[in-house]
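A.B. asks: Next up is a structure, given as structure tokens.
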Amino acid sequence: MGTMAVRSTGDGPGATDVLVVGGGIAGCATAYYLARDGVEVTAIDAFDLNTQASGSNAGSLHAQIPHEPFVLNGEGWARTFAPTLRLMLASVEMWGGLEAELDAVLDVAVTGGLLVADTEAQMRDIERKAAVERAFGLDVRLLDQAALRAFAPYVSDRMIGGALCPTEGKANPLRATPAFARAARARGATILTGCALHHLETAAGGFLAHTDRGTIRARRVVNAAGARAAAVAAMVGVPLEIEGYPLQVNVTEPCAPLIPTLLYYAGEKLSLKQAKNGTLLIGGGWPARMGADGRPRLDRASIVANLGIACTVVPAVAGLRLVRTWPAIVNGTADWKPILGEVPGVPGFFVNVFPWMGFTAGPVCARVTADLVQGRDPGFDIAPFSAERYRPATAAA
Ligand SMILES: Cc1cc2nc3c(=O)[nH]c(=O)nc-3n(C[C@H](O)[C@H](O)[C@H](O)COP(=O)(O)OP(=O)(O)OC[C@H]3O[C@@H](n4cnc5c(N)ncnc54)[C@H](O)[C@@H]3O)c2cc1C
């Protein structure tokens, strides 16, 4: 690094050891863990920090296999997804210590996640899913109707049972990423906003990143660009199958403490939780629409359906007013698994993308990425998450 001639064409730093592309939770947390380890790091975002998925998600901390893809794809899929559970569980554990670590209020509460059912067929699905989850070390407790009533009296009488996963909860998406960014800066990270990466090229000893703030020479690059990660990877010829999908979340007026856990329903898309300020967040993956300008737009039918299901599962929701619904774009992969690690064939180019539930997994994936960048054992087998799975068969041969 020291011998490289560095010329900045803008007001950016000119050179850095590690360049992190993306200022969501993946990017800001990666910058934090690298800076904490004393690594020189610069993170950039095209917009302001936390403006995309990380700042507009529903704040659920998930540890279980998501029910809908399980029902759609079955146990074979669940077993290939299951290594991901170790990451999610480790991340929920990290969330428990993040307020102290980052010296910030993040509204973290790990009070459990409850999945409820109103048919015997749904109960059988829950039982099959719980068997896979337990085989991978997750604590999941089946509840019959009497146990459900006793544990969650706010749930509709039509629900006949469910499963409780104690290691789930919630945190505040408006606070988490800014807290990581603050802590990263305090440990010496440079974080630049309004700084889109337009081109990336490999160069002697690393990469040249052409950005809105000039050319930045970097020894290593971490792609933490969320739903745009495929475009960033394509700049260095790496195929990634990750796309953006528009979703929406609803929030009600505040009410007295009603729902202490994260709540899901096995019959339809639903995630329901009560934020610290008393409002109910109602989502679960209901689609928004993609506008012609590439920005997400609300879908009215999704609002009606999502709220209707929430009222079916928790009748008291019907007495509350809806305050706001917002759309945002989630990063999704078809197999639901993250893409992590150094990309084979492109030394120094790392990916840190966790799809669909990347708020939950943000802390652990960032710590794992920081370890990998420094050549350390991350403590997880990340082979199932390699970008290698997207390499065309002919190129891999
Ligand atoms: C409505 C909704 C609800 C969700 N609910 C939950 C939930 O309850 N629990 C959960 O765990 N997950 C949830 N998710 C998913 C979660 O929000 C995401 O998986 C996670 O935030 C991804 O984080 P990220 O940092 O990778 O991406 P992002 O937060 O999208 O950040 C990526 C950043 O990269 C920047 N970028 C992209 N390209 C470039 C470039 N070329 N140059 C510079 N910067 C660039 C973008 O501007 C962006 O800020 C939800 C998502 C949505 C949309």
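A.B. asks: Determine one quarter of the surface area of the Cα convex hull of the chain, which equals its mean projected area, and express it in nm² to one decimal.
C.D. replies: Mean projected area for the chain: 19.6 nm², to one decimal.
A.B. asks: Can you run the Rg to Rh ratio on region 75-153? Use alpha carbon positions and the Kirkwood inverse-distance Rh.
C.D. replies: With Rh from the inverse mean 1/r over Cα pairs, Rg/Rh is 1.05.
A.B. asks: Filter the chymotrypsin sites (Phe, Trp or Tyr not before Pro) in region 40-135 to those in DSSP coil with at most 16 other Cβ atoms within 10 Å of their Cβ, and list the result.
C.D. replies: Loop-located and lightly packed - Phe47.
A.B. asks: Here is a further query. Please list 3J(HN,Hα) in residue order for region 117-131, calculated via the Karplus relation 6.51 cos²θ - 1.76 cosθ + 1.60 where θ = phi - 60°; whole Hz, with x for glycine and proline.
C.D. replies: 9, 10, 9, 5, 4, 5, 4, 5, 4, 4, 5, 5, 5, 4, 5
A.B. asks: Which value results for Rg/Rh of region 109-174 when Rg is the Cα radius of gyration and Rh the Kirkwood radius based on the inverse mean 1/r?
C.D. replies: 1.00
A.B. asks: Expressed as a fraction of 2.2 N^0.38 Å, the rule-of-thumb size for a compact globular protein of N residues, what is the C-alpha radius of gyration of region 268-329?
C.D. replies: Region 268-329 yields a ratio of 1.17.
A.B. asks: Pull up all non-local amide H partners of Val249: gap of 5 or more, or a different chain, and H-to-H distance under 5 Å with H placed in the peptide plane.
C.D. replies: Residues meeting the criterion, in which the H sits 1.01 Å from N, are Trp326.
A.B. asks: While we're on this one: For region 289-397, take the alpha-carbon Rg, divide it by the Kirkwood Rh, and send me Rg/Rh.
C.D. replies: 1.14
A.B. asks: Cβ neighbours within 10 Å, averaged per peptide: list 31-42, 220-231, 267-278, 319-330 in order, most packed at the top.
C.D. replies: 220-231, 31-42, 267-278, 319-330
A.B. asks: Continuing with the same structure: Rounded to a whole number of µm²/s, how large is the Stokes-Einstein D of region 149-240 at 20 °C and 1.002 mPa s, given Rh as the Kirkwood radius over C-alpha pairs?
C.D. replies: 122 µm²/s
A.B. asks: May I pose another question? Using a 10 Å cut-off on Cβ atoms, rank the peptides 23-30, 256-263, 197-204, 165-172 from the highest mean neighbour count down.
C.D. replies: Most protected by this proxy first, the peptides run 23-30, 165-172, 256-263, 197-204.
Every read-out reported here was derived from the displayed coordinates using simple, explicitly stated rules and does not represent laboratory data. For clarity, every value in this text was computed on a predicted model and none was experimentally measured. Here Cβ is always computed from backbone atoms with ideal geometry, including for glycine, and neighbour counts include all displayed protein chains.
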